[in-house]
Every structure is written in structure tokens, then in C-alpha cells.
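Remarks on the structure that follows.
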Amino acid sequence: MSPSILRYEKWTTRQDPTVEPEYRARCVSGEERFCTAASGKFLSADEADDWMRDHMQQTGHKHFRRSFDDFAELLPTDQLAPAPMELVKT
């Protein structure tokens, strides 16, 4: 058996910039059972927040479950561009 050489690479997980994240909200208000009204999919958190406010105005419900879904990709760490340095005011 010949000796093996193992090469390990560092990988970084990041949000896939080619796909928009998705935001949703679901009403979980109710005493004996949840309302279950759901917002559907939005492309911004503000839109999900607007839906929750509209639902609250119509029903008085104030408890929601928000969700955020994004798409991720793995990239070799050495192929990532270095993060820009922040300017520091003196």
C-alpha cells in the first residue's frame, strides 16, 4: 500500500449573491388555537413587517412568527476577496 497525501482546504459558507432571500410571516395569535394567517413570500423584511401591521389592524392579533430563508454557497476560503478595511476617523 502506498502512502497517501491528504490536502485539506478551508471553505467558507456565504449567502449566495445571485439569489434574493425570502421573508415570510405567520400569525400565531389566538387563545385556544392559532389564527394561522400567513403572508406568503416577500423579498424584503419591510414588506413582511407591513403585512404583520396590516393583519394586526384588521384582527388585533399581535404575535407572529417571522422567517428568513436564504441560499448559501460554499467557496474555498483562499478564493474569497479580502474584506475591505474600514476607515477609522481620528
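The values are calculated or read from the model by the stated rules, or taken from the named source; none is laboratory data. Because the structure is predicted, anything quoted here is derived from the model rather than measured. FYI the Cβ positions are ideal-geometry reconstructions off the backbone, even for glycines, and counts take in every protein chain you see. The accessibility values were calculated without ligands, DNA or RNA, using every heavy atom of the protein model including side chains. Shrake-Rupley method; radii C 1.70, N 1.55, O 1.52, S 1.80 Å.
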Practice task
Could you grab me the full set of residues in region 5-16 that are open to solvent by less than 100 Å² (accessible area, probe 1.4 Å) and either of a type in the set (Val, Ile, Thr) or at pLDDT below 90 (or both)?
Solution key: 9, 12, 13
Exercise for the section: Starting from residues that are open to solvent by less than 60 Å² (accessible area, probe 1.4 Å) and of a type in the set (A, V, I, L, M), keep the ones in region 43-59 and report whichever is farthest from residue 22 (Cα to Cα). Expected result: 52
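Out of everything in region 15-26 that is in a strand (DSSP E or B) and out of contact with any Gly (no Cβ under 8 Å at 6 or more places or on another chain), what residue ends up being farthest from residue 74 (Cα to Cα)? It would help to see each step written out before you state the result.
Just the residues of region 15-26 that are in a strand (DSSP E or B), to begin with: 15, 22-26.
The next check asks that each one be out of contact with any Gly (no Cβ under 8 Å at 6 or more places or on another chain); those that pass are 15, 22-23, 25-26.
Numbers: 15: 9, 22: 20, 23: 22, 25: 28, 26: 30 Å.
Taking the candidates together, the pick is 26.
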Practice task
Would you confirm whether any residue within region 72-82 is in contact with a Ser or Thr (Cβ under 9 Å, 6 or more places away or on another chain), at pLDDT below 95, in a loop (DSSP other than H, G, I, E, B) and not polar (S, T, N, Q)?
Solution key: yes
Practice task
Could you run through region 22-42 and say how many residues are exposed (fewer than 15 other Cβ atoms within 10 Å of the Cβ) and in contact with an Asp or Glu (Cβ under 8 Å, 6 or more places away or on another chain)?
Solution key: 1
Problem - Residue within region 56-70 that is at pLDDT 90 or above and among the small types (Gly, Ala, Ser) present - result: yes
Practice task
Return the total of residues in region 32-71 being touching a Gly at 6+ places or on another chain (Cβ under 9 Å) and in a loop (DSSP other than H, G, I, E, B).
Solution key: 3
Handout entry: Given (1) assigned to a loop (DSSP other than H, G, I, E, B); (2) modelled with pLDDT of 95 or more, index of the condition residue 29 fails
Key = (2)
